[in-house]
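See below for the structure under consideration.
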Amino acid sequence: MKALNRRQFLRDLGISATALPFLAGLPSISGAPAPQKRQRLIIMFSPNGTVPGEFWPEQEGAGFEFKSILKPLEAFKEKTLILHGIANKVRGDGDSHMRGMSCLLTCDELLKGNIMGGGGNPAGWASNISIDQEIKNFLQSRAETRTRFGSLEFGVAVPDRADPWTRMSYAGGNQPIAPVDDPHQMLGKLYGQMKDKESLVSILDDVRDDLKRVSSKLSARDKALLDQHMTLVRSLEQDLENADKQGKLAHPVPQIDPSIELVNDNTPEISRVQIDLLVNSLANDMARVATLQYMRSVGMAQMRWLGIEEGHHSLSHDPDDNKDSYAKLMKINTWFAGEFAYLAKRLSETPEPTGDGNMLDNTLLVWTNELGKGNSHTLDNIPYVMVGGGAGFKMGRTLKFDKAAHNRLWMTVAHSMGHTGLKTFGKAELCDGGLLDLA
């Protein structure tokens, strides 16, 4: 169905603009002649490196066993690909945390600037578009893969500040994109404008009559999907209202040294709400690309829900023989793995709207970090864990590379999403060797 005819069809039914986000991705409304594969990419970030001895499997290939940090992914072992030996080889201005974060998805040097990094190394923003936005632009350029937003940038406990330590997505050089870490704001962006979160008005109450009116025009599969959207959004509204009753939802903005951030104790609940919103938005085909950013580089999150009072970044600097810090870092990184596993689980239990399996079958999840190890600030052996399908990669194994530039990895991901015209990405000389063989 052509866009003009679709708009006329909805207008004839008396459907309001508020109801359109619920209907945009349904084949019955879009007029798709047949279910089409929806290939998706989600990149998740967590900061301050990992604990290598508790992260990387000993074995290479299919016969690997998860170390303690990755145990939450056990249910998805056959859909998991762990890449060891991927390096961020971008150098230039800024410290390792700055380049680790703002070069993570841009793969090019930082611009000159006066933002002072560690060791007296100043820099500015990234000089290149990030890979998520590159792929988004490619998908948005084609009618068959164009969506309402193209990409969505979710955050969890990202501090209210803007610098190279807090941004990984870039629309272009010197154009950082801020993740949205307030579920109220994201809910309003996806499903309608709300006056403010203190007087949250039910979105579904506003559109219920419209959705009931169009329901008779939908296929049985689309009716079920629409009901799932409505049920989840109602649940999210209730969760947000309950969180507000218990206390302030957003983490407090620090009024002290800007290198320290205080993370609200509701972070675990916020994380799950954001993941549910992310899955719901992709199920309704609002975007095919998304990022999920936890905290920031050099983040001092105090994860009291894990029984940890010290800041994450400080713990990551402690020597390996500090058994107490080592155990706490294991807890922290295992928690991040658990959130990644929850994202995979939510996708796996959500039927593909086109009727072909579940959403994880057609979604590539990538979990990464800005450092390989916190106390050494190494940009070698950056953690990369992939889960899901749709990319054509051979999953259920581990692969080891010899300091392969992460430029090559992101080029490979772009090609897997159909962007085969991308011959280099970021710093061109770091693309030598071409695509990585992940198939």
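All of the numbers you see were taken from the coordinates with simple rules; none came from a lab. Small disclaimer: the values here were computed from a predicted structure and weren't measured. Methodologically, a virtual Cβ is constructed for each residue, glycine included, from the backbone with ideal geometry; neighbour enumeration extends over all protein chains shown.
What the table below lists for this structure:
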read-out: Directionally averaged projected area (convex hull, Cα atoms, segment 320-425), nm²; value: 8.6 nm²
read-out: Set of lysines with alpha-carbon distance to residue 345 below 18 Å, sequence-local pairs under 8 removed; value: 71, 77, 79
read-out: Two-site label geometry, residue 403 and residue 327: point separation in nm, points 7 Å out along Cα→Cβ; value: 3.7 nm
read-out: 5 angstrom amide H check on residue 110, placed H, neighbours 5+ away; value: 93
read-out: Förster-model FRET efficiency, 22 Å R0, residue 112 and residue 161, C-beta, rounded to 0.05; value: 0.60
read-out: Listed peptides 426-436, 154-164 by packing density, highest first (mean Cβ within 10 Å); value: 154-164, 426-436
read-out: Calculated on alpha-carbon atoms, Rg and Dmax of segment 67-144 in Å; value: 17.1, 49
read-out: Theoretical FRET efficiency, 1/(1+(r/R0)^6), r = Cβ-Cβ of residue 221 and residue 320, R0 51 Å, to 0.05; value: 0.45
read-out: Cβ-Cβ FRET estimate between residue 437 and residue 361, R0 fixed at 25 Å, reported to 0.05; value: 0.65
read-out: Mean Cβ count within 10 Å, highest first, over the residues of peptides 357-365, 47-55, 64-72; value: 47-55, 357-365, 64-72
